[in-house]
Every structure is written in C-alpha cells, then in structure tokens.
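Participant: Could you have a look at this structure, given as structure tokens, before my questions?
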Amino acid sequence: MLEAGHGKIVNISVSETTMRRRGFTPYGPSRAATDSLSHIMAADLVGSGIDVNLLLPGGATRSGMTPDSAPEDVQANWLDPAIMGPPIVWLASPASDGITDQRIVATEFAAR
C-alpha cells in the first residue's frame with residue numbers, strides 16, 4: 001500500500017463498554033488493543049494515502065460470542081452480522097478516500 005500510495009485498512013471493534021465488560025477476557029481487551037492500534041496507525045500514516053478506520057456493529061451481533069441460551073426477548077434485539085456489509089464496502093471504496101481515524105457504527109451508517 002505504501003508503494004502504491006493508497007490503501008484502506010478497516011478494523012472491526014466494539015463499544016468501549018464491551019471492551020471493559022466483566023467476563024469478556026480476552027475478547028474485550030483484544031478489541032481495545034485493536035482500537036488503539038487503529039488510531040496510532042491512522043496517525044502514523046497521515047499523508048500516505050492509506051486510510052485506517054474502525055467499524056463497529058452498534059450492538060450485540062448474532063455470532064459465536066452470543067449464547068444461544070439467552071432469553072428470546074434478548075435475542076430478538078441482536079443484530080444480523082450483515083449489517084456490517086454496506087459500511088465496510090463503503091470504507092473499502094474510493095468513495096471514502098480521505099476518511100481516516102474514524103469509528104463508524106454500522107447501525108448509524110447511512111451511505112454517503
């Protein structure tokens with residue numbers, strides 16, 4: 001990417017609450033590290049043409065991390081992982097050139 005003079009890095013993260021949630025070791029701290037890494041990379045790559053951003057789902061997502069034993073009313077609010085599709089496609093496209101060091105929340109994303 002440096003040789004080409006452009007590129008996109010999109011890291012997946014979670015809310016700060018999840019990063020600190022009891023019982024979420026090692027997942028929460030690993031997402032906190034990803035968050036920090038992304039901000040530092042964005043700063044280090046300023047002017048290189050490489051954009052670095054974070055994408056968060058915006059809530060609990062139906063995944064291997066969410067227990068099937070959770071009450072149905074709780075599961076009803078879980079997000080479909082497909083919610084990440086439109087914003088990640090946009091972040092990886094030329095349409096987002098110059099957007100860097102942002103935390104994009106999929107549930108709040110509106111195509112730009």
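Participant: Looking only at the range 70-112, count how many residues are in a helix (DSSP H, G or I) and touching a Gly at 6+ places or on another chain (Cβ under 9 Å).
Facilitator: Number of matching residues: 4.
Participant: Right, something else. Taking the criterion of being in contact (Cβ under 8 Å) with a residue 12 or more places away in the chain and not in a helix (DSSP H, G or I), would at least one residue in the range 24-40 satisfy it?
Facilitator: no
Participant: Quick check: is even one residue across the range 51-63 part of a helix (DSSP H, G or I), at negative phi and not aromatic (Phe, Trp, Tyr)?
Facilitator: Looking for residues that are part of a helix (DSSP H, G or I), at negative phi and not aromatic (Phe, Trp, Tyr), one finds none in the range 51-63, hence no.
Participant: Output the number of the condition that Val46 fails; it satisfies all remaining conditions of (1) farther than 20 Å from Tyr27 by Cβ; (2) more than 12 Å from the chain's Cα centre (by Cα); (3) in a helix (DSSP H, G or I).
Facilitator: With (1) farther than 20 Å from Tyr27 by Cβ; (2) more than 12 Å from the chain's Cα centre (by Cα); (3) in a helix (DSSP H, G or I) applied to Val46, the lone miss is (3).
Participant: Could you tell me whether any residue of the range 35-56 is in contact with a helix residue (DSSP H, G or I) (Cβ under 6 Å, 6 or more places away or on another chain) and farther than 15 Å from Val14 by Cα?
Facilitator: The answer is yes, given that some residue of the range 35-56 is in contact with a helix residue (DSSP H, G or I) (Cβ under 6 Å, 6 or more places away or on another chain) and farther than 15 Å from Val14 by Cα.
Participant: So, one more: Restricting to the range 87-109, and then to whatever is more than 10 Å from the chain's Cα centre (by Cα) and hydrophobic (A, V, I, L, M, F, W, C), can you tell me which residue is surrounded by the most Cβ atoms within 10 Å (Cβ to Cβ)?
Facilitator: Of everything passing the filter in the range 87-109, Leu91 is surrounded by the most Cβ atoms within 10 Å (Cβ to Cβ).
Participant: Now a separate question. Among the residues of the range 31-72, count how many are farther than 22 Å from Leu91 by Cα and either of a type in the set (Ser, Thr, Tyr) or modelled with pLDDT of 95 or more (or both).
Facilitator: Counting residues in the range 31-72 that are farther than 22 Å from Leu91 by Cα and either of a type in the set (Ser, Thr, Tyr) or modelled with pLDDT of 95 or more (or both) gives 3.
Participant: Check whether at least one residue in the range 6-18 is among the basic types (Lys, Arg) and part of a loop (DSSP other than H, G, I, E, B), and report yes or no.
Facilitator: no
The values are calculated or read from the model by the stated rules, or taken from the named source; none is laboratory data. Note that the structure is predicted; figures quoted are calculated from it, not measured. Positions of Cβ are generated from backbone atoms using ideal geometry, with glycine treated the same way; all protein chains shown enter the neighbour counts.
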